[in-house]
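The values are calculated or read from the model by the stated rules, or taken from the named source; none is laboratory data. Because the structure is predicted, anything quoted here is derived from the model rather than measured. Every residue, glycine as well, gets a Cβ built from its backbone with ideal geometry; the counts of neighbours run over all protein chains shown. These accessible areas exclude ligands, DNA and RNA; they are computed on the full protein's heavy atoms, side chains included. Shrake-Rupley method; radii C 1.70, N 1.55, O 1.52, S 1.80 Å.
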Amino acid sequence: MDITPDVFRKIREVHRLPQAYYGKLLGISVAQVNRIERDKRRLTEAIKRRLITEFMLTPETLAELLEIHERYKVKE
């Protein structure tokens, strides 16, 4: 499953989560969330695994989330 910084941000936006709460769910700081979303910090495999687990992501559910983001032009 390809989770880029852009996809990382879109998952958060679709769920309407502030960066601080998103970070708390993933065990990282709000600053780390912000840097990952701006592609200033690497999205590690450990963070990707926590994201997949926390949001029960499969390739299908991820595709649905991205479609929702695009269809409804979700913004924070």
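For residue 71, are the conditions met, namely being among the basic types (Lys, Arg), open to solvent by 40 Å² or more (accessible area, probe 1.4 Å), touching a Gly at 6+ places or on another chain (Cβ under 8 Å) and outside any loop (DSSP other than H, G, I, E, B)? It would help to see each step written out before you state the result.
On the way: among the basic types (Lys, Arg): yes; open to solvent by 40 Å² or more (accessible area, probe 1.4 Å): yes; touching a Gly at 6+ places or on another chain (Cβ under 8 Å): no; outside any loop (DSSP other than H, G, I, E, B): yes.
Taking the combined requirement at face value, the residue does not satisfy it.
One residue stands out among those in region 17-31 that are surrounded by fewer than 19 Cβ atoms within 10 Å (Cβ to Cβ) and among the small types (Gly, Ala, Ser): the one that is farthest from residue 44 (Cα to Cα), which is 20. Restricting the first member to region 24-37 and to residues that are part of a loop (DSSP other than H, G, I, E, B), and the second to residues that are surrounded by fewer than 19 Cβ atoms within 10 Å (Cβ to Cβ) and modelled with pLDDT of 95 or more, the beta-carbon pairs closer than 7 Å and six or more apart or on different chains are 27/50.
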